[in-house]
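The values are calculated or read from the model by the stated rules, or taken from the named source; none is laboratory data. Since the structure is predicted, the reported quantities are computational estimates derived from the model, not experimental observations. These area figures cover heavy atoms from the full protein model, side chains too; ligands, DNA and RNA do not enter into them. Shrake-Rupley method; radii C 1.70, N 1.55, O 1.52, S 1.80 Å.
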Amino acid sequence: LRGGTDAISGVDDAAQWRETAARMSLLGIGGERRGELMRVIAAVLAIGNIGFTAADDGTRCVSGEGGRWLAHAASLLRVSPSQLAEKLTSRVLTAGGKGRSSMYTVALDAEACEAARDALAQSLYAAAFESLVESLNGSQEEAAAAA
């Protein structure tokens, strides 16, 4: 999606969505569950469009158009844009030992922000895929029990 076209000549997105939704319903994935799965997948796509640039001090910031994608992804994940930005652009380090420790927030550089973004997208995608596999296995077990 980054900088490319969002349409492919000869592809009917609406028809493909109807087919996908119908097949998901056949597998027992409908209504709210289907909506949640699609929301997470849409969030993964939006997260992939978040860009970072180096600030003057060498740390990170979300780039111009990336801010729009960050807000969209945050909405899909039901968190605030500032919460998502904080998780993608900083890390909390704990120093110290037993009974006495300190926590520090450290800003990430643009490259580390991109790695954090990619790790979040991969984790969300893996969770969505696992959920889909569990649904498929459950529908197969129901079909086997009915036979």
>> Translational diffusion coefficient of the range 67-113 at 37 °C, 0.692 mPa s, Stokes-Einstein with Kirkwood Rh over Cα pairs, in µm²/s as a whole number.
In response: 269
>> Amide H of Cys61 versus every other amide H placed in the peptide plane: which residues, excluding those fewer than 5 positions away on the same chain, fall under 5 Å?
In response: Thr53, Ala55
>> Taking the full set of protein chains and a 1.4 angstrom probe, give the accessible area of Ser82 in square angstrom, rounded to the nearest 10.
In response: 80
>> How would the range 99-147 be classified by its alpha-carbon gyration tensor: rounded, prolate or oblate, with rounded meaning a/c under 1.5 and the a/b versus b/c comparison settling the rest?
In response: oblate
>> At 222 nm, what value in deg cm²/dmol follows for the chain if DSSP H runs of at least 4 each add -39500 (n - 2.57) and the sum is divided by all its residues, to the nearest 500?
In response: -21500 deg cm²/dmol
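Going from most exposed to least, what order do Leu76, Leu84, Leu93, Leu27 have by accessible area with a 1.4 Å probe?
Descending order: Leu93, Leu27, Leu76, Leu84.
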> Whole-Hz Karplus ³J(HN,Hα) for the range 24-35, in order, using 6.51 cos²θ - 1.76 cosθ + 1.60 and θ = phi - 60°, x for Gly and Pro?
Replying inline: 5, 4, 4, 8, x, 10, x, x, 5, 4, 5, x
> To one decimal place, what Kirkwood hydrodynamic radius in Å is obtained for the chain from all pairs of distinct Cα atoms?
Replying inline: 18.0
> Looking at the range 7-80, what % of the alpha carbon pairs are farther apart than 18 Å?
Replying inline: 58
